[in-house]
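Student: Dropping the structure in here first, questions after.
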Amino acid sequence: MILSTNELDDLAKKVADKIIERLQGTIKPQKKWLTTKEAAAVLGITVEHLRRPKTRAKYRHFVEENGRIVFNADDLEPKPKGT
């Protein structure tokens, strides 16, 4: 069986739609900004340690108007286990 370009495009769209339909709800979007608690968990350090100015300065962060500090998720590298 040989498909024309239009038939192949239609088939590809139907397959893509089915894949998207099955994946709906299975992929959670990654947060761009993390709370201090979330960032500390990623880094494997305590919240208190991350709140120290010297430690906090190592990571891109933003202080919100209410004083809450949030960290850029792209800049956080998890600490290897056992170190």
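Student: Which numbered condition in (1) touching a His at 6+ places or on another chain (Cβ under 6 Å); (2) touching a residue at least 24 places away in the same chain (Cβ under 8 Å); (3) of a type outside the set (Phe, Trp, Tyr) is the only one that THR55 fails?
Tutor: (2)
Student: Further question: Would you be able to tell me the number of residues in region 21-53 that are among the β-branched types (Val, Ile, Thr), surrounded by fewer than 14 Cβ atoms within 10 Å (Cβ to Cβ) and either at pLDDT 90 or above or touching a strand residue (DSSP E or B) at 6+ places or on another chain (Cβ under 6 Å) (or both)?
Tutor: Residues meeting the conditions: 2.
Student: Restricting attention to region 61-70, which residues are surrounded by 13 or more Cβ atoms within 10 Å (Cβ to Cβ) and without any contact (Cβ under 8 Å) to a residue 24 or more places away in the chain?
Tutor: Selection gives HIS61 alone.
The values are calculated or read from the model by the stated rules, or taken from the named source; none is laboratory data. Keep in mind that this is a model prediction, so the values were computed, not measured. All Cβ positions, glycine included, derive from the backbone under ideal geometry; neighbour counts span all protein chains shown.
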